[in-house]
Amino acid sequence: LQDIIRRFKLNDNNIGDLDKKIAIHLGGSRCGLAIPELMRILVDKENVPWSKAWEMTRSIFSYTSHAVFREDSEIWPVYKVGQILPRHLQIVFDVNQIHLEEVRKKYGNESGYVRELSLIEEGEVKRIRFADMAVLGSSSVNGVSREQTANLIQKVFPSFAAYVPERFSCKVNGIGQRRWLLNCNRPLGLLINKHIGEKWIRNPELLNDLEAMVDNEKLLESLSSVKKQAKARLAATLRDIAGFSVDESMMFDVQTGRIHPNKRQLLHVLYLLHCYLELKKGTTTVGARRIHIFAGKASPSDFLAKQIIHLISTTADCINNDPQVNGQMRVIFMPNFSMMWAERIAPAVDLAEQLSTATLEPAGTFCMKFALNGALTLASLSGANNEIAEKIGKEYIFTFGKSGEELAKLQDYHPADLLAKDERLRNIFTFLENELIPRTPEGHAFYPLLSSLRDSDRQFVLIDFDDYVGKQVLIDTLYTYQLAWMKTSLINIARIGWFSSDRVVQEYARDIWKVSVE
């Protein structure tokens with residue numbers, strides 16, 4: 001902020017015009033500290049009157065929240081802020097006092113709104129709600145998908161949404177087509193250029209021109225060849241860096257992103273174990289031959305997420321070292337996942353899995369990146385998956401599971417009852433507890449994870465399991481018809497262009513920052 005103002009003043013600008021020339025966007029609640037910092041600079045350093053400084057601050061700032069729970073928001077103890085930033089704490093209290101006077105004028109002194117809209121959370125330890133500070137000190141607050149924006153209004157900031165409803169809006173997330181296709185998948189970019197020209201690079205919605213060529217067999221053959229080359233490159237990288245041998249003729253089934261219970265990597269693992277047990281019976285083959293690729297990191301303090309990583313690795317060891325099944329399925333957990341790895345993975349993905357619990361995913365952009373590279377998507381009804389299904393067409397994306405509305409209506413859900421009814425789930429749990437855990441070093445560490453499924457299943461993994469497995473069967477069937485698969489792949493590329501960061505930035509510029517975009 002100090003540098004912004006320094007550069008602003010280099011051109012002999014009047015500090016009173018700062019809000020006419022500058023827009024600052026907050027990308028999360030921890031950035032809320034910028035609001036009292038700008039007030040400190042304007043009032044203490046630039047001698048702007050308080051009321052004018054507050055008016056300028058609210059005009060300058062805008063705020064994107066990715067929160068899905070109230071608890072996701074940044075809340076800092078008052079005493080800690082006072083120790084480190086005493087002047088900022090004083091400003092927060094002054095802003096809050098003036099703000100609450102306005103609240104009392106609108107709602108009255110006895111209203112619960114005074115407590116709910118306060119920037120200070122009362123309790124044994126007083127805390128500052130920096131997410132609320134970001135809302136109060138910004139001219140605009142937006143979510144990143146329709147579902148998550150509804151969550152912001154109804155669950156995360158319900159009182160502020162009632163107090164200043166005009167500030168809340170939705171800006172659906174997007175991805176950079178130049179980075180995630182043209183740069184990381186040059187062969188596909190050149191193939192697209194050959195058939196529709198280069199204008200899509202600056203206007204990705206022009207990718208839609210590819211749809212008219214969906215019956216062009218030469219194009220589909222070229223698209224298939226590009227995908228095979230990308231899979232060969234990733235297979236070579238995995239051999240060189242991770243020492244993992246990959247049969248590139250397999251379907252590349254990928255789930256990437258943060259490791260967390262609500263991302264539901266567990267659903268994918270249960271499916272792996274179901275397929276493994278079916279193969280071990282020797283009575284059936286389990287659809288297409290697949291390499292299942294997991295990639296992501298867990299928060300250092302997320303105990304269950306670390307158990308999920310441990311379970312994925314243990315399952316991978318079991319499957320990869322069993323010659324009876326490892327010609328049909330293989331599993332790898334990518335080492336030290338990063339955006340560099342993501343750029344290597346994206347061109348090679350056949351099937352992208354985005355399995356987050358409905359209402360608990362802000363947006364989810366990995367499946368956009370993979371669809372841009374021709375992957376098909378298996379998606380829960382969460383985050384931007386709903387918008388993706390609308391844009392691509394529900395017949396060209398595999399959606400499964402219950403919606404947020406359906407989950408909200410569930411009464412008296414007892415996971416143990418579902419386990420008792422579903423033989424597949426019973427077999428999986430029996431295998432885990434009687435065979436996999438006993439032969440795994442520190443296998444007892446899995447018990448809290450299994451208990452979380454059996455006792456509460458807060459992410460509704462078991463409820464969505466049946467529909468998830470059913471959609472996997474449809475995916476296997478389609479994959480056996482490679483021409484139909486490649487047509488669906490081309491349609492995904494053609495229709496995913498709307499999810500571009502270019503479009504998102506234009507929306508922010510027009511609707512929030514109020515700047516013209518050429």
* Does segment 170-178 contain at least one residue that is within 22 Å of Ile35 (Cβ to Cβ), assigned to a helix (DSSP H, G or I) and open to solvent by 10 Å² or more (accessible area, probe 1.4 Å)? -> no
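Listed here are the residues, each with its yes/no results for (1) of a type outside the set (A, V, I, L, M, F, W, C); (2) at pLDDT 95 or above; (3) over 15 Å from Thr256 (Cα atoms); (4) in contact with a helix residue (DSSP H, G or I) (Cβ under 8 Å, 6 or more places away or on another chain).
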| position | (1), (2), (3), (4) |
| --- | --- |
| Met339 | no, no, no, no |
| Gly364 | yes, no, no, yes |
| Ala371 | no, yes, no, yes |
| Glu387 | yes, yes, yes, yes |
| Ala408 | no, no, yes, no |
| Ala416 | no, no, yes, yes |
| Phe431 | no, yes, yes, yes |
| Pro448 | yes, no, yes, yes |
* Take segment 435-492 and flag every residue that is of a type in the set (S, T, N, Q) and out of contact with any Pro (no Cβ under 8 Å at 6 or more places or on another chain). => Thr440, Ser451, Gln472, Thr477, Thr480, Gln482, Thr488, Ser489, Asn492
* Asked: Got at least one residue in segment 389-396 being within 22 Å of His274 (Cα to Cα), of a type in the set (Gly, Ala, Ser), assigned to a loop (DSSP other than H, G, I, E, B) and over 13 Å from the mean Cα position of the chain (by Cα)?
  -> no
* Asked: Out of all the residues in segment 193-206, which are open to solvent by 70 Å² or more (accessible area, probe 1.4 Å), in contact with a helix residue (DSSP H, G or I) (Cβ under 7 Å, 6 or more places away or on another chain) and in contact (Cβ under 8 Å) with a residue 60 or more places away in the chain?
  -> Glu205
* Would you check which residues across segment 1-32 are open to solvent by less than 50 Å² (accessible area, probe 1.4 Å), assigned to a loop (DSSP other than H, G, I, E, B) and either over 25 Å from Asp511 (Cα atoms) or out of contact with any helix residue (DSSP H, G or I) (no Cβ under 6 Å at 6 or more places or on another chain) (or both) and list them? => Asn13, Gly28
* Asked: Restricting segment 224-243 to residues that are of a type in the set (A, V, I, L, M) and farther than 21 Å from Asp317 by Cα, which is surrounded by the most Cβ atoms within 10 Å (Cβ to Cβ)?
  -> Ala230
* Of all residues in segment 35-60 being aliphatic (A, V, I, L, M) and either out of contact with any strand residue (DSSP E or B) (no Cβ under 7 Å at 6 or more places or on another chain) or assigned to a strand (DSSP E or B) (or both), which is farthest from Val135 (Cα to Cα)? -> Val48
* Which one is nearest to Arg264 (Cα to Cα), of the residues in segment 443-470 that are open to solvent by 30 Å² or more (accessible area, probe 1.4 Å) and in a loop (DSSP other than H, G, I, E, B)? -> Gln459
* Residue within segment 471-492 that is closer than 26 Å to Ala316 by Cα, among the aliphatic types (A, V, I, L, M), in a helix (DSSP H, G or I) and open to solvent by less than 60 Å² (accessible area, probe 1.4 Å) present -> yes
* Residue satisfying all of: in segment 244-285; touching a residue at least 24 places away in the same chain (Cβ under 8 Å) and among the basic types (Lys, Arg); surrounded by the fewest Cβ atoms within 10 Å (Cβ to Cβ) among these -> Lys280
* Structure fact -> Across (1) in a helix (DSSP H, G or I); (2) hydrophobic (A, V, I, L, M, F, W, C); (3) at pLDDT below 95, Leu219 clears everything bar (3)
* Within segment 160-169, tally of residues that are assigned to a loop (DSSP other than H, G, I, E, B) and open to solvent by 40 Å² or more (accessible area, probe 1.4 Å) -> 0
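Listed here are the residues, each with its yes/no results for (1) open to solvent by 20 Å² or more (accessible area, probe 1.4 Å); (2) on the phi < 0 side of the Ramachandran plot; (3) of a type in the set (Gly, Ala, Ser); (4) at pLDDT 95 or above.
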{"position": "Lys391", "(1), (2), (3), (4)": "yes, yes, no, yes"}
{"position": "Gln411", "(1), (2), (3), (4)": "yes, yes, no, no"}
{"position": "Ala420", "(1), (2), (3), (4)": "yes, yes, yes, no"}
{"position": "Leu425", "(1), (2), (3), (4)": "no, yes, no, yes"}
* Check whether at least one residue in segment 318-325 is closer than 22 Å to Val473 by Cα and buried (at least 19 other Cβ atoms within 10 Å of the Cβ), and report yes or no. => yes
* Structure fact -> Among Gln307, Gln324, the single one that is touching a Pro at 6+ places or on another chain (Cβ under 7 Å) and not β-branched (Val, Ile, Thr) is Gln307
* Would you check if Asp209 is out of contact with any Ser or Thr (no Cβ under 8 Å at 6 or more places or on another chain), in contact (Cβ under 8 Å) with a residue 12 or more places away in the chain and over 28 Å from Lys471 (Cβ atoms)? => yes
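The values are calculated or read from the model by the stated rules, or taken from the named source; none is laboratory data. A quick note: this is a predicted structure, and the numbers were derived from the prediction, not measured. When we count neighbours, we look across all protein chains shown, and the Cβ atoms used for this are built from the backbone with ideal geometry, even at glycine. All accessible areas refer to the heavy atoms of the entire protein, side chains included, with ligands and DNA or RNA removed. Shrake-Rupley method; radii C 1.70, N 1.55, O 1.52, S 1.80 Å.
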